[in-house]
1. Sum up the charges of everything whose Cβ sits under 9 Å from the Cβ of R195, counting Lys and Arg as +1 and Asp and Glu as -1, but leave R195 out.
2. What does the net charge come to around R88 if you take all other residues with beta carbon closer than 15 Å to its beta carbon, with K and R at +1 and D and E at -1?
3. Quick check for me: using +1 on Lys/Arg Cβ and -1 on Asp/Glu Cβ, what's the dipole size of segment 95-205 about its Cα centre, in debye to the nearest 20?
4. Can you compute the charge dipole magnitude of the chain about its Cα centre, using +1 on each Lys and Arg Cβ and -1 on each Asp and Glu Cβ, nothing else charged? Give it in debye, rounded to the nearest 20.
5. Could you please report the charge total around S252, scoring K, R as +1 and D, E as -1 over all other residues with beta-carbon less than 9 angstrom from its beta-carbon?
6. What is the Rg over Rh value, at two decimals, for segment 128-190, using alpha-carbon atoms and the Kirkwood definition of Rh?
7. For every helix of n ≥ 4 consecutive DSSP H residues, a contribution of -39,500 (n - 2.57) applies; sum these over the chain, divide by its total residues, and give [θ] at 222 nm rounded to the nearest 500 deg cm²/dmol.
8. Just want the ordering: I227, I124, I303, I53, from fewest to most Cβ atoms lying within 10 Å of their own Cβ.
Amino acid sequence: MHIAQLGEQRVIKALLRPWPASSRDVPVGPGDDCAMIRSRPGAAWVVTTDQLIEGTHFDWSWSTPAQLGRRAGAVTLSDIAAMGGIPRYLLVSLGLPPRTSVAVVTRFYGGLRQLLARHKVQLIGGDTAAARRFHAVMVAIGEVEPRLAVTRSGARPGDLLMVTGTLGDAIAGLRLLRRGGRARRAASARALIRRQLTPTPRLEAGRALGAHRLATAMLDLSDGLMIDVNRLCQASGAGATLLIDQLPISPSLAAYGRRTNQDPIRLALAGGEDYELLFTVRPADEVRCIRLLRRLRLPCRRIGTIDRPAADRTPSGPAVTVMTRDGRRQSLRSFIATQRLRSFEHFRAPARRGRP
């Protein structure tokens, strides 16, 4: 059997099966956005890793080295945001084709330095090696008080499902980059392209939601809503109902949908790399949560509810239900099939993520 027959999530599950999910010193292990390691009473490190690979995550024809450096830092720090942590340190290792120009490497580090300086994160080391294609591997280390850390597993039936910002912008930006030419010139198109090339880690929002004990569960949206909501539900042992007509769509994405005759909701469901926060709150905390994030100039919206696990839960996790625009309930799996939606999954999907 090849890994392409399993897909990324089943491969990871198989690899981690012999290893403990947590221990006394590591209360949160594999399977969440970060691992959490106890450092001293009342304090812990949160540690995560990510990578960007040429031809899978980016293409030099539309990404400058400086943009790639900023993006590499942002997508890694986003995991710390999802745990409610404060990033402190970063290590970066590069695989470089031997004919890579020195200017490419220095500009990559220049962009990374800008991103890290903005968030007061210190670069503390890394490695370099020869490779067939450019790739960057990052390890980020942050701090969190264990009692304020937010994991994927805390959602309970009755909680509200919330999301920051808007969804679907990054995949639309990716499609515009692939099309090139005049398609990129409109102001709305440039806004979507920025969301793809320079994502924003929601560090202030994640920290605020944790510090005020508002989020009961949280993760960042890297692989698309329809995949990541399943991950949150599976970790929490609960189901969910998604309200399709409540998904937040930006004016830029709405304009893109009109120009290309595409439904923005499809992109919001299946597109990845928005790096917004998907989280749950108790119903009594909804207004407080919205006001808190408004002070950070970041909108958030309720997009569903957390339900009790359904009797017909699937082997991949608890059932997620979609409330369609006409008020009908449909399982997410059925909705994906009837709408022919497709999110990126490593090993199964074509290279370059985000192809619904």
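1. On the way: positive: R194; negative: D169, E273, D274.
With Lys, Arg at +1 and Asp, Glu at -1, the net is -2.
2. Values: positive: R40, R118, K120, R207; negative: D79, E143, E145.
Net charge around R88: +1.
3. Working: 20 positive and 6 negative charges, 173 e Å.
It works out to roughly 840 debye.
4. Working: 55 positive and 28 negative charges, 197 e Å.
It works out to roughly 940 debye.
5. Details: positive: R190, R195; negative: D169.
That works out to +1.
6. Working: Rg = 19.8 Å, Rh = 17.2 Å.
That ratio is 1.15, to two decimals.
7. Values: 11 runs with 122 residues, N = 356.
Counting only the DSSP helices, I get -10500 deg cm²/dmol.
8. Values: I227 19, I124 12, I303 23, I53 16.
By the 10 Å Cβ count, ascending: I124, I53, I227, I303.
The numbers here are math on the coordinates, done by the rules we state, and not lab data. This one's a predicted model, so the numbers in the text were calculated from it and none came from an experiment. As a convention, Cβ positions derive from the backbone with ideal geometry for all residues, glycine included, and neighbour counts pool all protein chains shown.
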